[in-house]
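Q: Shown below is the structure under consideration.
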Amino acid sequence: MRQTVGFLAVVLLALAPGCEEKFDLSTLPQPESVVVDTAYVRFDPPFGGFAGAEDIMIGNDQLLYVADTRANRVVMLNRAGQLLSAREMLAPMSLAQDSRLDLLVGGCVVAASGDTAGALFRIHLVSASADSAHRLDRARIDTVWQERARPQRRFPGLTVFGDNTYLVVRTGTDNSSFIDPDARVMLFDARDRYVTPIPGLNTRIGSGITDMYRPTAIASFPAVKDFILTQLSEGVAYGAIWLRYEQSSEFTGWLPKFDPAIPSDAGVDFIRPNRFLEPAAVAIDKSRRDIFVADAGLDSIVKFTSRGAFKSESFGRVRSGGALQRPTGLAYFERILYVLDSSSGLILRYRLSTDVPR
C-alpha cells in the first residue's frame, strides 16, 4: 500500500545508493512531499539517561541490556524502558547472552600499576538463590579473560552461537605482530576456554575482502555460524565483512560470503568498497535475516537483505529529523529497531511505516 507523507516522513526516507565513494547523507534533496512505499518511523518516548553508551542488546530473555560505558554500568530494562536492575562495571562496551541466560560483557579491569586493561566477564543471571535470580546487581560474576600484559587492548564486540560457543572482537593500537596482533576475532568454547583466533581474517591495512585492522562490532546469524564484523574504514576498503561457516572433509572454517573477485559477486551492494565511514554496530533480523549497520561517522542506519542488496528503508541524520547524532548500538526484535545514540544518550525506537498501527 502506498501513502503520501509530509516533511517528517521525508526526513526518514532511505539514503540513495551511491557510486564507489563515501557518500554524505546531508547532500540528498529534501522535497516538501513525496510518495513512498515504506520508511522507518520513530515512535516515542525514547529511553534516556545514558552516558556515552556503546552497546545495546535484546537478550534471549527478551529484556533490553545497555553497556552504559562512561557511566561504568550495565543496565537491564524491560522493553517498555523501565529500569529493572544495574551493575557497576568499569567501562563496559559490548554485550551478548547465551542460551543459559548468562550475560557476557566486554569491559575493563584495573591493573596493579593503576592502568586499565581490557577484560571479559560472565554474569550468572540464573541463580539458585531466589533473591538474586535475574538481578544484575546481585548475580555472581566471573572474570573470563584479561589483557593485563597488553593494557591498550579492548573488546568492542561479542556474539554467541547456538551451541554457546562465542566470538570476541579484540582491538588495540599495535598490530605490528604477526603472531599476536591486537586486532583479532577470538573463539571461546561454552566453558569460556579460549580456542583459537578465527582463521581467514587478515590483520592488516589493505583492500582485501578479509582485511581487518580496527574492528568495532560483530553479530551472528541464527542456527548457523555465519557472522558479520564491522570495522573503522580508515586504511581498509570494507567497513563490514560477512563470513560464512563451512564444514566438510576438505575444509572447516570461515570464508567470505561475497567476494569481489568473483564476477557474479562484483555488483553486490554489501561489498561496495568505501561504503561506510565509521561502522560501529551491526544487528540481524533473525526472521528475515536482513542486516542493519550503524555508521557513527555518517550518522546513518544502512539496511541490507540476506542477499547483500541495499534496502531503501535505510536512513540517516537529516532524514531522521536530526534524531540520529552518533549511533553506536543496534538491536532488532519483533519488528522494532532499537538504536542507541551515544551523543544524545537516548535509545530511539523505529518501525516500518507499514507496521505502524492505523
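The values are calculated or read from the model by the stated rules, or taken from the named source; none is laboratory data. These numbers come from a predicted model, not from an experiment. All Cβ positions, glycine included, derive from the backbone under ideal geometry; neighbour counts span all protein chains shown.
Q: May I ask you to verify whether residue 210 is of a type in the set (S, T, N, Q), surrounded by fewer than 22 Cβ atoms within 10 Å (Cβ to Cβ) and at pLDDT 95 or above?
A: Working: of a type in the set (S, T, N, Q): yes; surrounded by fewer than 22 Cβ atoms within 10 Å (Cβ to Cβ): yes; at pLDDT 95 or above: yes.
The answer is yes for residue 210.
Q: Something else about it: For segment 112-143, what are the residues that are under 21 Å from residue 78 (Cα atoms), surrounded by fewer than 19 Cβ atoms within 10 Å (Cβ to Cβ) and hydrophobic (A, V, I, L, M, F, W, C)?
A: Within segment 112-143, 126, 130, 133 qualify.
Q: Where residues in segment 325-348 are more than 16 Å from the chain's Cα centre (by Cα) and farther than 26 Å from residue 244 by Cα, which of them is surrounded by the fewest Cβ atoms within 10 Å (Cβ to Cβ)? Before the answer, list the steps.
A: Let us first name the residues in segment 325-348 that are more than 16 Å from the chain's Cα centre (by Cα), namely 325, 334-335, 343-346.
In the following step, the residues that additionally are farther than 26 Å from residue 244 by Cα were identified as 325, 343-346.
Details: 325: 16, 343: 13, 344: 17, 345: 19, 346: 19.
Top of the filtered list is 343.
Q: Sticking with this structure for a sec: Going by the structure shown, is residue 264 more than 22 Å from residue 63 (Cα to Cα), in contact with a Lys or Arg (Cβ under 9 Å, 6 or more places away or on another chain) and of a type in the set (Ser, Thr, Tyr)? Before you say what the answer is, go through the steps one by one.
A: Values: more than 22 Å from residue 63 (Cα to Cα): yes; in contact with a Lys or Arg (Cβ under 9 Å, 6 or more places away or on another chain): no; of a type in the set (Ser, Thr, Tyr): yes.
Against the criterion (more than 22 Å from residue 63 (Cα to Cα), in contact with a Lys or Arg (Cβ under 9 Å, 6 or more places away or on another chain) and of a type in the set (Ser, Thr, Tyr)), residue 264 does not qualify.
Q: Can I ask one more? Report yes if some residue within segment 248-261 is outside any strand (DSSP E or B), touching a Pro at 6+ places or on another chain (Cβ under 8 Å) and modelled with pLDDT of 95 or more; otherwise report no.
A: No, segment 248-261 contains no residue that is outside any strand (DSSP E or B), touching a Pro at 6+ places or on another chain (Cβ under 8 Å) and modelled with pLDDT of 95 or more.
Q: Find the residue count for segment 306-324, including only residues that are assigned to a strand (DSSP E or B) and surrounded by 22 or more Cβ atoms within 10 Å (Cβ to Cβ). Walk me through it before giving the result.
A: Initial filter on segment 306-324 (assigned to a strand (DSSP E or B)): 310-316.
When the remaining residues are screened for being surrounded by 22 or more Cβ atoms within 10 Å (Cβ to Cβ), the result is 313-316.
Within segment 306-324, residues that are assigned to a strand (DSSP E or B) and surrounded by 22 or more Cβ atoms within 10 Å (Cβ to Cβ) number 4.
Q: Restrict the check to segment 141-162 and report whether at least one residue is within 20 Å of the chain's Cα centre (by Cα) and either more than 29 Å from residue 225 (Cα to Cα) or among the polar types (S, T, N, Q) (or both). Before the answer, list the steps.
A: Of the residues in segment 141-162, the ones within 20 Å of the chain's Cα centre (by Cα) are 153-162.
Keeping just the survivors that are either more than 29 Å from residue 225 (Cα to Cα) or among the polar types (S, T, N, Q) (or both) gives 159.
Yes, there is a match, as at least one residue in segment 141-162 is within 20 Å of the chain's Cα centre (by Cα) and either more than 29 Å from residue 225 (Cα to Cα) or among the polar types (S, T, N, Q) (or both).
Q: Take segment 166-187 and flag every residue that is surrounded by fewer than 16 Cβ atoms within 10 Å (Cβ to Cβ) and under 22 Å from the mean Cα position of the chain (by Cα).
A: Taking segment 166-187 first, the residues surrounded by fewer than 16 Cβ atoms within 10 Å (Cβ to Cβ) are 173-174, 176-180.
Passing the criteria: only 173.
Q: Considering only segment 313-347, how many residues are polar (S, T, N, Q) and closer than 18 Å to residue 96 by Cα? It would help to see each step written out before you state the result.
A: Initial filter on segment 313-347 (polar (S, T, N, Q)): 314, 320, 325, 328, 342-344.
Right, trim to closer than 18 Å to residue 96 by Cα and you get 328.
Qualifying residue count, segment 313-347: 1.
Q: So, residue 98, is that one among the acidic types (Asp, Glu) and at pLDDT 95 or above or not? Spell out the reasoning first.
A: Details: among the acidic types (Asp, Glu): yes; at pLDDT 95 or above: yes.
Yes.
Q: Also, I was wondering about something else. Quick check: is even one residue across segment 188-195 touching a residue at least 40 places away in the same chain (Cβ under 8 Å), under 29 Å from residue 305 (Cβ atoms) and crowded, with 18+ Cβ neighbours inside 10 Å?
A: To start, the set of residues in segment 188-195 that are touching a residue at least 40 places away in the same chain (Cβ under 8 Å) comprises 188, 190, 192, 194.
Still in the list and also under 29 Å from residue 305 (Cβ atoms): none.
For segment 188-195, residues touching a residue at least 40 places away in the same chain (Cβ under 8 Å), under 29 Å from residue 305 (Cβ atoms) and crowded, with 18+ Cβ neighbours inside 10 Å: absent.
Q: Among the residues of segment 74-105 satisfying the criterion of being under 23 Å from residue 337 (Cα atoms), assigned to a strand (DSSP E or B) and not hydrophobic (A, V, I, L, M, F, W, C), which is nearest to the chain's Cα centre (by Cα)?
A: Filtering segment 74-105 for residues that are under 23 Å from residue 337 (Cα atoms), assigned to a strand (DSSP E or B) and not hydrophobic (A, V, I, L, M, F, W, C), the one nearest to the chain's Cα centre (by Cα) comes out as 94.
Q: Now for a different question. Given the residues 283, 266, which is the only one that is at pLDDT below 95 and among the aliphatic types (A, V, I, L, M)?
A: Result of the check over 283, 266: 266.
Q: Residues of segment 244-272 being free of Cβ contacts under 8 Å to residues at least 12 places away in the same chain and of a type in the set (D, E, K, R), which ones?
A: 246, 250, 265
Q: Right, here's the next one. When you go through 228, 241, 218 one by one, which is the residue that is without any contact (Cβ under 8 Å) to a residue 60 or more places away in the chain, under 27 Å from residue 59 (Cβ atoms), within 18 Å of the chain's Cα centre (by Cα) and assigned to a strand (DSSP E or B)? Outline the logic, then answer.
A: On the way: 228 fails: without any contact (Cβ under 8 Å) to a residue 60 or more places away in the chain; 218 fails: without any contact (Cβ under 8 Å) to a residue 60 or more places away in the chain.
Going through 228, 241, 218 in turn, the sole match is 241.
Q: Mind listing whichever residues of segment 223-246 are surrounded by fewer than 20 Cβ atoms within 10 Å (Cβ to Cβ) and either closer than 23 Å to residue 327 by Cβ or β-branched (Val, Ile, Thr) (or both)?
A: 224, 232, 234, 235, 237
Q: On the basis of being in contact with a strand residue (DSSP E or B) (Cβ under 7 Å, 6 or more places away or on another chain), of a type outside the set (Ser, Thr, Tyr) and either at positive phi or in a strand (DSSP E or B) (or both), does residue 170 make the cut? Steps first, please.
A: Numbers: in contact with a strand residue (DSSP E or B) (Cβ under 7 Å, 6 or more places away or on another chain): yes; of a type outside the set (Ser, Thr, Tyr): yes; either at positive phi or in a strand (DSSP E or B) (or both): yes.
Answer is yes for this residue.
Q: Then there's this: Only one residue in 198, 205, 218, 209 is closer than 23 Å to residue 146 by Cα, hydrophobic (A, V, I, L, M, F, W, C) and out of contact with any Ser or Thr (no Cβ under 9 Å at 6 or more places or on another chain), so which one is that?
A: 198
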